[in-house]
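So the structure is just underneath, and the comments pick up after that.
The values are calculated or read from the model by the stated rules, or taken from the named source; none is laboratory data. Keep in mind it's a predicted model, so treat the numbers as computed, not measured. All Cβ positions, glycine included, derive from the backbone under ideal geometry; neighbour counts span all protein chains shown. Surface accessibility is based on the protein's heavy atoms, side chains included, excluding ligands, DNA and RNA. Shrake-Rupley method; radii C 1.70, N 1.55, O 1.52, S 1.80 Å.
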Amino acid sequence: MLEAMVSARVGDDVYEDDPTVKELEALGAEMVGKEASLFVPSGTFGNQLAILTHTRRGDEVIVPESNHIVEHEVGAMAVISGVQLRTLRDDRGRVAIEDLERLYREEDIHHPRTGLICMENAHSSGSVVPLENLEEVYQFARSKGVPVHLDGARIFNAACHLRVGAPEIAQYADSVMFCLSKGLCAPVGSLLAGSKEFIKKARKMRKLMGGGMRQVGYLAAAGLVALKVMPQKLEEDHRKAQTLARQLSRVEGIEVFFDRLDINMVFFRVRRESFSDADFLQFLLQRGIKINPPMKGEYRLVTHYWISYPAIEHTASSIAEFMEKAQGGDGTKSL
Ligand SMILES: *Cc1c(COP(=O)(O)O)cnc(C)c1O
């Protein structure tokens with residue numbers, strides 16, 4: 001990947017003059033079954049650019065309440081697009097069509113216009129949303145003439161889990177964002193894909209947002225390696241997560257959420273008696289394992305290309321060692 005970056009052919013992409021960016025955008029579009037795509041600096045940028053391009057100020061955007069766009073994008077849609085967010089209750093990114101029908105706004109002098117519906121797959125809970133759910137949301141949206149945007153940051157993980165091509169997922173959305181970073185291992189970048197007309201408009205909006213980049217082929221070259229080489233390797237990441245989950249589940253005091261083990265993420269809870277989260281984090285850090293503090297009481301571990309099986313063993317055994325010390329047992333659940 002680094003070699004590809006160093007030897008990339010570049011031009012000024014603001015003038016659509018960078019051959020490596022063009023190649024990446026063409027390949028990215030093809031890989032999700034859309035007409036065109038646009039290179040953006042991050043996944044958040046891609047989602048927000050999609051919202052800005054699809055909507056008008058004062059529109060309402062319906063998004064499942066646990067989605068990245070609601071939880072982790074700093075309220076950007078209010079600031080950048082001037083739209084109102086309407087959250088939809090969800091179960092790991094899955095929604096009930098009756099809830100969506102209830103939130104949709106028919107024309108009325110008091111109502112904002114429903115300007116966009118967003119879905120996410122794979123969902124950041126570690127779970128993959130079934131195609132049927134995406135399909136029913138899309139059918140409903142179409143019947144009302146409302147576009148659908150898919151946050152597909154990890155669409156290739158979802159495709160791998162469902163054993164379908166990414167276009168089979170993206171067909172249920174008018175636009176889709178996916179990351180070249182994260183599991184696909186590029187240092188920077190995401191793509192926003194959709195129809196030619198949508199991407200033309202998004203290109204101008206990207207400039208407005210300060211995302212028009214010059215000799216960005218150096219980054220696109222990494223993205224090309226990410227797209228050509230990495231999707232086939234995601235299955236291995238998923239197997240590694242399952243291995244880690246199995247090992248952790250044998251540790252007394254650790255509860256692994258097996259209902260959310262569809263991709264490369266392992267969510268677990270630690271039964272705490274005589275120690276704090278900070279003790280746990282500090283112990284792991286001393287063993288070379290750096291993890292985030294828990295969110296809503298849950299820890300998350302993520303496997304990827306650079307996480308080896310020995311590293312997984314080391315992680316599981318370090319957690320077992322901590323729990324054993326904390327609980328004064330041998331750390332293993334009696335069978
Ligand atoms: C990571 C992520 C994003 C945003 O990507 P960044 O590049 O970190 O901005 C968006 N959606 C989901 C589901 C993600 O996991």
For Leu88, the residues 5 or more places away or on another chain with a placed amide H closer than 5 Å to its own amide H are Val63, Glu65
What the 10 Å binned alpha carbon P(r) of the range 233-327 shows, as percent of pairs per bin from 0, is 16, 54, 27, 3, 0
State the percent of C-alpha pairs, over all pairs in the range 1-143, separated by a distance greater than 19 angstrom.
-> 61 percent
Heads up, I need the accessible area for Ile51: 1.4 angstrom probe, whole protein in place, Å², nearest 10.
-> 0 Å²
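Quick one: order Val10, Val256 from most to least accessible surface, probe 1.4 Å.
So the residues, ranked largest to smallest area, are Val10, Val256.
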Anisotropy class of the range 130-190 from Cα gyration tensor, a/c 1.5 cut | oblate
Which whole-number percentage describes the relative contact order of the chain, with Cα contacts under 8 Å and a sequence gap of 6 or more?
-> 20 percent
At 4 °C and 1.567 mPa s, the Stokes-Einstein diffusion coefficient in µm²/s for the chain, with hydrodynamic radius from the Kirkwood sum on alpha carbon pairs, is 61 µm²/s
Identify, among Gly253, Val61, Ala226, the residue whose Cα sits farthest towards the positive end of the charge dipole of the chain, taking +1 on the Cβ of Lys and Arg and -1 on the Cβ of Asp and Glu, with the dipole about the Cα centre.
-> Ala226
Counting only protein chains, not ligands or nucleic acids, how are Cys118, Cys185 ordered by accessible area (probe 1.4 Å), most first?
-> Cys185, Cys118
With charges only on Cβ, +1 for K and R and -1 for D and E, what is the dipole size of the range 253-333 about its Cα centre, in debye, rounded to 20?
-> 180 debye
Could you tell me which of rounded, prolate or oblate describes the range 74-155, using a ≥ b ≥ c as the square roots of the eigenvalues of the alpha-carbon gyration tensor, with rounded for a/c under 1.5 and, failing that, prolate when a/b is larger than b/c and oblate otherwise?
-> oblate
Computed Rg/Rh of the range 165-316, alpha carbon atoms with Kirkwood Rh | 1.06
Using a 1.4 Å probe on heavy atoms of the protein chains only, the accessible area for Glu168 in Å², nearest 10, reads 90 Å²
May I ask for the Rg/Rh ratio of the range 1-79, computed from Cα atoms with Rh as the Kirkwood radius, given to two decimals?
-> 1.06
Length gain on complete extension for the stretch Leu208 to Gln286, per 0.36 nm per residue less the alpha carbon to alpha carbon distance?
-> 23.5 nm
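Would you compute, from DSSP H runs of 4+ residues alone, the mean residue ellipticity of the chain at 222 nm, taking -39500 (n - 2.57) per run and dividing by the full residue count, rounded to the nearest 500? Before the final figure, lay out the partial values.
Details: 13 runs with 139 residues, N = 335.
Value at 222 nm, helices only: -12500 deg cm²/dmol.
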At a probe size of 1.4 Å, how large is the accessible area of Glu273, to the nearest 10 Å²?
-> 130 Å²
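Any chance you could tell me what percent of the C-alpha pair distances in the range 217-278 go past 18 Å?
Numbers: 1019 of 1891 pairs.
Cα-Cα pairs in the range 217-278 separated by more than 18 Å: 54 percent.
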Pick from Arg260, Arg271, Arg142: which is most flexible by mean-square fluctuation in a GNM of the chain where alpha carbon atoms under 10 Å apart are linked?
-> Arg271
